[in-house]
Structure formats: structure tokens, C-alpha cells
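Notes follow once the structure below has been shown.
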Amino acid sequence: MEEIVKLSLKSENDCFLIREVNRHVAKAKNCVIITRAGISCSAGIPDFISSDGLYNMIKSQYPGVFRSGKDLFDVQLLRTHDTIKGFNLFMGILKELIVNAKPTATHSFIKKLTDMKKLKRVYTQNIDNLEELVGLDIDWQFERVKNCKAQVVQLHGMLSKLRCNACTNICPFTPQYCDIFKKGKAPNCPKCEERKNTRAK
Ligand SMILES: [Zn+2]
């Protein structure tokens, strides 16, 4: 029988809810978990929408440029220099937080379910790849979900890779790129640079 358990733990001391999780997990054969930003907050990655979240941080740094956090993910932002700069800054800050983050107790709990052979899949809004650090496989290409074999599907993509807007080349988003993004700029694509140099020669 399928049972959907929606739990929102406000604190790790919320014993009643933790007991509920325990009870449901103990009798379940297969578990599918859906997670949001909250599971990474204690790793130092703020969520997007809280008063001290990432959206408000960018709004305060770029007053008048972004009306709401959602503007950061609107194609319109590619129209002005200021909004592109704000987007790049946002990505630089977020990536740096991710680089310094360690998996939380929730990530360890998910790993435990895998070890118990109960985990069917995790679907997450998060793009921090912290599940990878506890040894889970991650896929981020939404269109592949149907035939996906990965244990974790990051529905909103990931920040471990960068895709070039001009040639679609994908390269690793290394911590070295954080400083460029934090200046509001985007790094040059290695493939485009290579082609430019070949043409120049
Ligand atoms: Zn390129």
C-alpha cells in the first residue's frame, strides 16, 4: 500500500515527528523522498525565499534592479547589463556557499535508507549536489528522468557544471570561477577561447 508522509521538521528536537518518520520508514519497503532547500540550510546554504534568504540578499545588493527573487530566473534578465551582473553575482555567492558546505543529518539519513535498500529515489529542488558527498548518484537532466537510473534527481539543475550560451559546451564549475562570478562577470568558455585562438593564428 502506498502511503504519502509529508513532514516538516521545525527543529531537530521535534521528537514526535521524528518518531513518525521512524515508524513509517520501519514498515515501508520502498521510499521516495522529495526535498527542498530546508535540508541544506544547516549546511550554511540559505533557502531562496526566507527573509534572510538568497533572494532578499540579492535584492538588497541591487535595489531597484530586481523586484523579486523570481526575476533572477526570468529570461528578461538577459536584457540589461545590471541584471546580468546581479545574476552572475548571485551564482558566485551561491557556488561559494556550496563549495564550503558539508552534508547535513538529513543527507546522512537518506544515505542510510539507501544502505537499508529502501530508497527508490530522491527528487530535490536543490542544486547543491550534497547527496553526492554521502555517496549517492545524481542526475540533473530533467528530460532524462524517465529512463534515469540515478538515486537523486536534481529537478532544477546543478551548479557543478557550466554551459556556454554560445556553443553549448559544458565544463566543470570549479571554485576558481567563483571570484569571476562574484565580480558580476561570467568566465570565458574554454572551447570558444580555443576556437578564437585557432582563428587568430
Ligand atoms: Zn563556448
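The table for this structure:
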| read-out | value |
| --- | --- |
| So Asp115, is it over 23 Å from Met57 (Cβ atoms) and either under 13 Å from the mean Cα position of the chain (by Cα) or surrounded by fewer than 17 Cβ atoms within 10 Å (Cβ to Cβ) (or both) | yes |
| The stretch 97-107 - residue that is among the polar types (S, T, N, Q) and not in a helix (DSSP H, G or I) and, of those, farthest from Asn126 (Cα to Cα) | Asn100 |
| Residue count, the stretch 160-182 (criterion: in contact with a strand residue (DSSP E or B) (Cβ under 8 Å, 6 or more places away or on another chain) and among the aliphatic types (A, V, I, L, M)) | 2 |
| One residue from Phe73, Phe109 being modelled with pLDDT of 90 or more and out of contact with any helix residue (DSSP H, G or I) (no Cβ under 7 Å at 6 or more places or on another chain) | Phe109 |
| Filtered residues of the stretch 158-179 (kept if open to solvent by less than 60 Å² (accessible area, probe 1.4 Å) and either under 12 Å from Asn88 (Cβ atoms) or within 15 Å of the ligand (Cβ to nearest atom) (or both)) | Leu162, Cys164, Cys167, Asn169, Cys171, Phe173, Tyr177, Cys178 |
| Set Val134, Val65, Val122, Val75: member being over 20 Å from Pro172 (Cβ atoms) and in contact with a Lys or Arg (Cβ under 6 Å, 6 or more places away or on another chain) | Val134 |
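The values are calculated or read from the model by the stated rules, or taken from the named source; none is laboratory data. Every value quoted in this text rests on a predicted model; they were computed, and no experiment measured them. Neighbour counts are summed over all protein chains in view; Cβ atoms, including those assigned to glycine, are modelled from backbone coordinates with ideal geometry. In case anyone asks, the SASA skips ligands and DNA or RNA and just uses the protein heavy atoms, side chains included. Shrake-Rupley method; radii C 1.70, N 1.55, O 1.52, S 1.80 Å.
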